[in-house]
């Protein structure tokens, strides 16, 4: 009896050691930042990128309630309002260095949650897309955690339509719940397993060029500037830039600059983009932001559909500029519709442009961060088969 | 009789050879130009003769990325090209004059400029059949002299026999755009 107890103790010790080893070997994500996990956070008012009128106050109230339910300590509303008034803080889509430091010193928070509402469609079946990131308060505003949720009422209709969600408030509550669950995992340093998910082949760029000189490492610093918007959708340029920020931050193998810091430099140096980023502007950004790479591009299509019939469409091109060579080291062209590669009963259909765009951006980021023709990049043998044009040259 | 048959044979052969003589009338390549020396190009905004306002920008975007992907030449990012056009004060960026082309080449430090025209882009209809079509033409202007050294055209899509017989609406616009651009690039290299 005693010996069996000892043996079971031994097994437990072995299992725990194994678990510890596995945890140590897990690639770092945006949330695995150990010392940077904040104990108290401020939740900024939600920024509306949906292009339509949205009850932001109600959504934010639900967000605060869900955060409280999960034991996340949040800066009080009155205190936040006073802080914002004192600093004349009107833009809530990002956090610059001065604001981050003030949050740390005056409000005593460890992080600031920046949330954007990118779709809020009450037409049946309803749809909602929310995106959030937690930025550390202090001298350097780093992205600690980033995630997004996009849902449609008919995502999982189930048998005889029993899984359909008909009203938007119910869908909103579910979406906020999922986002805050992920935030809670981020705050407690558990990270996000989805960050290393392999993207499906149909979402990879259709045409891409990757210079062999491109080598992204842990020390690489990347700034994402808003994409040039040629689509019919308002804020599509900002939304796509946020997709890139999130996907790069979630991978954790590069340092992505907080968009609030990038925006502040654009304003301070009066940088205006005519049809995209010029090399002169890029040089200014390389210097003032101290970054190695800049991501930029153009959005051609970012279309959602109303109601149950239809399919979202997203088309964009992206460029990665290198500080050393002052050249484009990655260029890609992506276009997809929500039903690409779907043949049976709409299984796997992407019902929102947000979800589709996220997957497509993940495909580009995969190409960006994976050197050579690894398993996660388009296989050169795919060339010409599914519209992929793959190249890598000196 | 033998002579008669051989005469007919020669006549037919000449007729077929004559048919082949039309060749590549949709390409022009300057024989004196060393295309291997072209390392960096600027793709200027394309002229748009279609009803779709964004078609020229979409085609330009695909063309620039595809040109980079060939590995043959380096194409400047569109933002840098726009800065060059503004700095040199080019009146019509889609069709620069010889002087403007030389000036642009100096400012952007490129070996050649690429201009283009999108002639057709979108859906065409014929009785009950519809399909997408694209028609492009492009030119390469050498920046030292401002001479046109290469031109090519490509047309893809349209209503085919199967579309007429069975319907179907043709292939997606993005797909035929990539095909047409690929065809044009193949004519360059």
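Any read-out appearing in this document is the output of simple, stated calculations on the displayed coordinates, not a laboratory observation. Worth saying up front: this structure is predicted, and the values here are computed from it rather than measured. We place every Cβ from the backbone using ideal geometry, glycine too, and count neighbours over all the protein chains shown.
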Roughly what % of Cα-Cα distances in the range A:114-214 sit above 19 Å, to the whole percent?
-> 60 percent
Would you tell me the mean number of C-beta atoms belonging to other protein chains that fall within 10 Å of each C-beta in B:165-174, as a whole number?
-> 2
The range B:51-115: radius of gyration and largest Cα-Cα distance (Dmax), Å = 12.3, 34
Isotropically averaged projected area of the range A:178-261, using the convex hull of Cα atoms (one quarter of hull area), nm² = 7.9 nm²
Compute log10 of I(q)/I(0) for the range A:197-391 with the Debye formula, placing one identical point scatterer on every Cα and leaving out solvent, at q = 0.09 Å⁻¹, to two decimals.
-> -0.32
Computed from every Cα-Cα pair in the range A:34-193, P(r) in 5 Å bins starting at 0 and rounded to whole percents is 2, 9, 18, 21, 18, 14, 9, 5, 3, 1, 0, 0
Ordered by packing density, taken as the mean number of other Cβ atoms within 10 Å over each peptide's residues, highest first, how do A:322-330, A:257-265 rank?
-> A:257-265, A:322-330
When the C-alpha atoms of the range A:230-338 are aligned to their principal axes, what extent does each axis show, in angstrom, from largest down?
-> 48, 31, 24
Of the listed peptides A:64-76, B:73-85, what is their order by residue-averaged count of other C-beta atoms within 10 Å, with the highest listed first?
-> B:73-85, A:64-76
Taking the highest mean first, how do the peptides A:217-224, B:161-168 order by number of other beta carbon atoms within 10 angstrom per residue?
-> A:217-224, B:161-168
Over all distinct Cα pairs, what is the inverse of the mean 1/r for the range B:21-77, reported as the Kirkwood hydrodynamic radius in Å?
-> 13.6 Å
Please average, across the residues of A:207-215, the number of beta carbons from any other chain that are within 10 Å of each residue's own beta carbon, and give a whole number.
-> 3
Radius ratio Rg over Rh of the range B:82-189, counting only Cα atoms, Kirkwood formula for Rh | 1.14
The FRET efficiency for residue A:90 and residue B:97, from their Cβ-Cβ distance with R0 = 51 Å and rounded to 0.05, is 0.60
Do the sum for chain B: with -39,500 (n - 2.57) for every DSSP H run of n ≥ 4, divided by all residues, what is the mean residue ellipticity at 222 nm, to the nearest 500 deg cm²/dmol?
-> -13500 deg cm²/dmol
Residue mean of other protein chain beta carbons inside 10 Å, A:270-278 = 5
Over its alpha-carbon atoms, chain B yields an Rg and a Dmax in Å of 20.7, 76
Of all DSSP beta bridges having both residues in the range A:197-391, the percent classed as antiparallel (nearest 5) is 70 percent
